[in-house]
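What follows is a single structure, written as structure tokens, with notes after it.
The values are calculated or read from the model by the stated rules, or taken from the named source; none is laboratory data. These figures come from a predicted structure and were not determined experimentally. Here the Cβ positions follow ideal geometry from the backbone for every residue, glycine too, while neighbour counts run over all protein chains shown. Just the protein is used for accessible areas: all its heavy atoms, side chains included, with ligands, DNA and RNA removed. Shrake-Rupley method; radii C 1.70, N 1.55, O 1.52, S 1.80 Å.
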Amino acid sequence: MLAHRLILESLNAQADPPRVPVPFSLGTWDPHRTDLHSWLADRLIGDYAFLDEETAEGTTLARLLLEAGRILPVLDGFEGIRQQHREAAISEISRFDGPLILTTRPAEFITAVHAGRTLSKAAVIELEDLTFDRVQSYLQAVTSKARAAQWESTFAYMRANPGDPACRNLAAVLATPLLVMLARTVYHDTPHNNPTDLIDGDRFPTQAALEEHLFGAYLATLYDPRRKTGTGPWTEQQARRWLGHLADHLTRLNTQDLTWWHLGATLPRLTRILVTGLVGLPLGAIAGVLGYVIADYLSGTTIDRGQLGQGLLEMGTGLVAGLVSGLVNEMRTARGRAPERLRLRTTRWPGSIPARALHGLGTELAVGLSVGILFSVASWLVYGFAFDFSHPSAALFVQAFVPSLTTLLGGTGVPVYLAAGLLLGLLVGISYALVNLIVCLFSGPTDQSSAVSTWELLHTDRAVTLFRAGMVGFVVWLVNLILVGSQYGELLGGAFIRQGVLYGTLYGSFAALTRLFLSAWGGWLIFARLWLPLTGRLPWRPRRFLDDAYERGVLRQTGAVYQFRHASFRDHLVGHHRAGRPPKDL
């Protein structure tokens, strides 16, 4: 809280050159992998996407601001860095060319200094404990007269009995601003709570028991239905369960930042892969049935149960698409893909677009080939086993793209089906790359007027994902319509339309489906909106729940991420979540 107050005060300070104070949560920084300068630039771009624009010298605006000394970094939470990285972090911070502010708990920083080196050229400011008189005057000033009298009685007893263990415990607790805030919230004009209870030595025999009570009662107070805070209908028990899961999630990831695109990381890797496959199962059936229905309707063919049955067999293809997408996602990153920070637009192309487009072209081509080849080879082999590799569909598919290859492979058998899978994978990969080129050419950074909010990122990623998936599906559909349809009949004839539309719809749908699964928004739908609520670990409306927790004061927002109001509160939730029981005194 004091760090944020310092940032606000620094905005009015006179400096030459003027510097903008910006908070950075250190929990995600690995100094062995990324130097401080590069990490700060990446975080700036994450919260302010327009700073990714490149200057004529090829430097991003974020790096330019840092190099020019126009940013005052406020590095919050040194204790959030993993212990094995702290010595390297001190070295990196010491080498930073320019002023900065570092906040930390004293114990963790002192331990790191004793184990390695000190922070050079640093002025140390240590916060003092709150004084007894100041705490009393504050708590009495922010409540009603009746409650102020109860606080006065409590403090009078503490002054009269300084040697009482219960009084010593309460005095130690109220020396910390966080716990004073909790005490104020819990005992702020609530008739069923009385601050004189805090000096009950039988109920709270230790300082830890007293702190545990305040943390537990704080959440119960915030979700008390008699209070006017918040807009959600959730009970304290529900909030404790869901917030405990989120707190445990952040602890396992060793970060303070709660982001919607990383919520899937609360699950084990194998579970994420299997869940993605299970989601693809019914979607494959829907795509298969629709493919046959649309193809038969457009070609005037009678729809029968046998064709619908073949469409339902595409459940296997959907399962394969989901499993392959989940596997590729895990190979790319264990925490999930970062959301898009570009907006689709039709303005003049910036000068930095070609380099970005070429880089994205290679990345999307590699991802598309990986997904496409794994998915298509597996799905064609499944289809081949179903028909003993004697069905001519694979040969006709290969004939449409490489006529000589069909003759070379003999027209039937496993090699032909493998070749069909490889060709379809190549088509999907090229489509991924082409669509990414179009996105880069017709997109730009977000508006410069404000930081990127967490839900603005979701909306942006959803728009770009739907565009990518739709374009990939259309390209694959069109190529299959023309090339595969021509192998069955004359252009625009009944057989051409039926088979071309069928193949195009099936493979176009699955290409779009895999593109959706590979996106941050797709992960949000699968895990945060479906699997985690289905298993009781999150509510069915997680966005509303997080916004409500922010309104109640449980969470705070920093740039594009949420954070728990204090690490100690997060640790309290984690302890009870893992113990699987509610607090004893509630």
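If the segment from residue 57 to residue 579 were pulled out straight at 0.36 nm per residue, it would be longer than the present Cα-Cα gap by 182.4 nm.
Other residues whose C-beta falls under 13 angstrom from the C-beta of residue 159 contribute a net charge of -2, scoring Lys and Arg +1 and Asp and Glu -1.
Residue 5 sits among other residues whose Cβ lies under 14 Å from its own Cβ, and their net charge, with Lys and Arg +1 and Asp and Glu -1, is -1. Amide H contacts for residue 25 (H built 1.01 Å from N in the peptide plane; partners 5 or more residues away or on another chain; cut-off under 5 Å): 76. Rounded to the nearest Hz, the phi-derived 3J(HN,Hα) couplings of the stretch 128-137 under the Karplus curve 6.51 cos²θ - 1.76 cosθ + 1.60 (θ = phi - 60°) are 8, 5, 5, 7, 4, 5, 5, 4, 4, 4, where x marks glycine and proline.
What the Cβ-Cβ distance of residue 64 and residue 293 gives, at R0 = 60 Å and to the nearest 0.05, is a FRET efficiency of 0.60. Note on surface exposure: 459, 249 rank 459, 249 by accessible area, highest first, 1.4 Å probe.
Since only 398, 178, 10 are under comparison, the one whose Cα sits farthest along the positive direction of the charge dipole of the chain, derived from C-beta charges on Lys, Arg, Asp and Glu, is 398.
Projected label points at residue 160 and residue 206, each 7 Å from Cα along the beta carbon direction, are separated by 3.0 nanometres.
Using a 1.4 Å probe over the heavy atoms of the protein chains, calculate the carbon and sulfur portion of the accessible area of the chain as a whole percent. Here carbon and sulfur together make up 60 percent of the probe-accessible area.
Can you give me the Cα centroid spacing of the stretch 454-470 and the stretch 107-134 in angstrom? For the stretch 454-470 versus the stretch 107-134, the Cα centre distance is 44 Å. Highest-first packing order for the peptide set 534-542, 121-129, 554-562 is 554-562, 534-542, 121-129, based on the mean count of other beta carbon atoms within 10 Å. Take 54-67, 480-493, 259-272 and order them by the average number of nearby Cβ atoms within 10 Å per residue, most first; the result is 259-272, 480-493, 54-67. Annotation for residue 404 and residue 105: the two label points, set 7 Å from Cα along the Cα-Cβ direction, are 7.0 nm apart.
Could you work out the Rg to Rh ratio of the stretch 1-93, with Rh taken as the Kirkwood radius (inverse of the mean 1/r over all Cα pairs)? Answer for the stretch 1-93: 0.98. Under the simplified labelling scheme, the residue 543-residue 302 pair shows an inter-label distance of 4.8 nm, with each label point 7 Å from Cα along Cα→Cβ. Shape summary of the stretch 75-183, radius of gyration then Dmax from alpha carbon positions: 19.5, 56 Å. Using the average count of surrounding beta-carbon atoms within 10 Å as a protection proxy, the listed peptides 43-51, 496-504 rank, highest first, as 496-504, 43-51. Full extension of the chain segment joining residue 556 with residue 478 gains 23.3 nm, where the gain is 0.36 nm per residue of separation less the Cα-Cα distance. Considering only alpha-carbon pairs that sit under 8 angstrom and 6 or more positions apart, the relative contact order computed for the chain is 15 percent. Of the residues 153, 568, ranked by 1.4 Å probe accessible area with the largest first, the sequence reads 153, 568.
Segment residue 16..residue 270, full-extension length gain: 86.1 nm, with 0.36 nm per residue of separation and the alpha-carbon distance subtracted. Only one item in (1) 17, 41, 28, 12, 2, 0; (2) 14, 30, 23, 17, 11, 4, 0; (3) 21, 56, 22, 1 matches P(r) over Cα pairs in 20 Å bins from 0, in percent derived from the coordinates shown, and that item is (1). Counting Cα-Cα pairs of the stretch 138-273 in 5 Å increments starting at 0 gives whole-percent bin shares of 2, 9, 15, 17, 17, 12, 10, 8, 5, 3, 1, 1, 0. Computed with a 1.4 Å probe over protein heavy atoms only, the accessible surface of the chain comes to 47 Å² per residue.
Proximity of backbone amide H atoms, modeled 1.01 Å from N, is registered between residue 102 and 75 at under 5 Å, excluding neighbours fewer than 5 places apart on the same chain.
The stretch 16-93 and the stretch 137-183 have Cα centres separated by 41 Å.
For residue 60, the amide hydrogen comes within under 5 Å of the amide hydrogens of 55, counting only partners 5 or more places away or on other chains and with H modelled in the peptide plane.
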